[in-house]
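Below is one structure, written out as structure tokens, with a few remarks after it.
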Amino acid sequence: MLRDTQDGINSFVAARMTLNDFWEDYIATKYELKASTRTNYKYMYGKYIKENIGMRDIASIRYSDIKKFYGELLKHGFKPNSVEIIQTILHPVFNVAVKDGYIRINPTDGVIAEIKKSHDWEKPKRHALTVPEQEAFVDFVARSPTYHHWSNLFTVLLGTGMRVGECLGLRWEDCDFKGKIINVNHNLIHRVTEAGNMEIHITTPKTKAGIRMIPMFDDVKRALLDERLKQMEHGFTRSEIDGYSGFIFQNRFQEVLIPHDETAGKLRFFH
């Protein structure tokens, strides 16, 4: 206690404040976080941390406690990338406590690196389909009585490399058919709210690099025009989300497709 006092560490207060207390203060001041990121962080914290290690006073949490906590998450089926999200949430909270003089060191430092070594933890590598594999897949979908109505969507995904949310958020006005260019400038997300409900929103890219122009290859152009002809006959998408409308891809109710509906399993095939 004498050493803490000499070094300006307020261990007395830290022993009476829980990790949850520090979390609430931290997230309340993270004004720069995008709404979707903030919602995801709060959801993950509330579901996996709040009633667990979050109940403990922050001064009592050690490196070994964090390591044990992450290990328990992995035992219960957590994926490595999900544990890294938990680390992304916790690390800056402890950092603030260190900088404010409540604790001496950040107990999350180095934990992920050690777990990766001990668990032989490697992120799976993504492998792109070869051209023959793409052609075989598109041909199969086009001929399939079950999946043929996804043919245009799959063709656009394969031909552009867009993320699922980017493709589902694509509007007719984003497509320049004469210049054969697609303007990617927003993303369609389906997120959990703080109340536990699901909402559809449009979000803009986190970085300028996310806004880009994609060449519209001939196969993609044909697929988009085919989709437009179908909608000219049966009706265009009626959905309006955060001021955005005119979405290209729709479900059978003429509403925009969302990343977590019946298409999700099929769309994840590409990602």
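Annotation for segment 139-150: no member residue is surrounded by 18 or more Cβ atoms within 10 Å (Cβ to Cβ), touching a residue at least 12 places away in the same chain (Cβ under 8 Å) and not in a helix (DSSP H, G or I).
Quick check on GLU199: is it more than 25 Å from the chain's Cα centre (by Cα), surrounded by fewer than 16 Cβ atoms within 10 Å (Cβ to Cβ) and within 30 Å of LEU33 (Cα to Cα)? The answer is no for GLU199. The set of residues from segment 155-179 being of a type in the set (Val, Ile, Thr) and under 16 Å from HIS190 (Cβ atoms) comprises just one member, VAL164.
For every residue, the table says whether it meets (1) at pLDDT below 90; (2) in a helix (DSSP H, G or I); (3) acidic (Asp, Glu); (4) at positive phi.
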site: ASN20; (1), (2), (3), (4): no, yes, no, no
site: TYR31; (1), (2), (3), (4): yes, no, no, no
site: MET44; (1), (2), (3), (4): no, yes, no, no
site: TYR48; (1), (2), (3), (4): no, yes, no, no
site: GLU51; (1), (2), (3), (4): no, no, yes, no
site: ALA59; (1), (2), (3), (4): yes, yes, no, no
site: ASP65; (1), (2), (3), (4): no, yes, yes, no
site: LYS68; (1), (2), (3), (4): no, yes, no, no
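On the stretch given as segment 27-45, residues that are among the aromatic types (Phe, Trp, Tyr) and touching a helix residue (DSSP H, G or I) at 6+ places or on another chain (Cβ under 7 Å) total 2. Pairs linking a residue in segment 224-238 that is over 13 Å from GLU255 (Cβ atoms) and open to solvent by less than 90 Å² (accessible area, probe 1.4 Å) to a residue that is part of a helix (DSSP H, G or I) and of a type in the set (Phe, Trp, Tyr), with Cβ atoms under 8 Å and 6 or more positions apart or on different chains, are ARG228/TRP172.
The values are calculated or read from the model by the stated rules, or taken from the named source; none is laboratory data. Since the structure is predicted, the reported quantities are computational estimates derived from the model, not experimental observations. Because the Cβ atoms are built from the backbone with ideal geometry, glycine has one as well, and the counts that use them run over all protein chains shown. Calculation scope for accessible area: heavy atoms of the full protein, side chains included, ligands and nucleic acids excluded. Shrake-Rupley method; radii C 1.70, N 1.55, O 1.52, S 1.80 Å.
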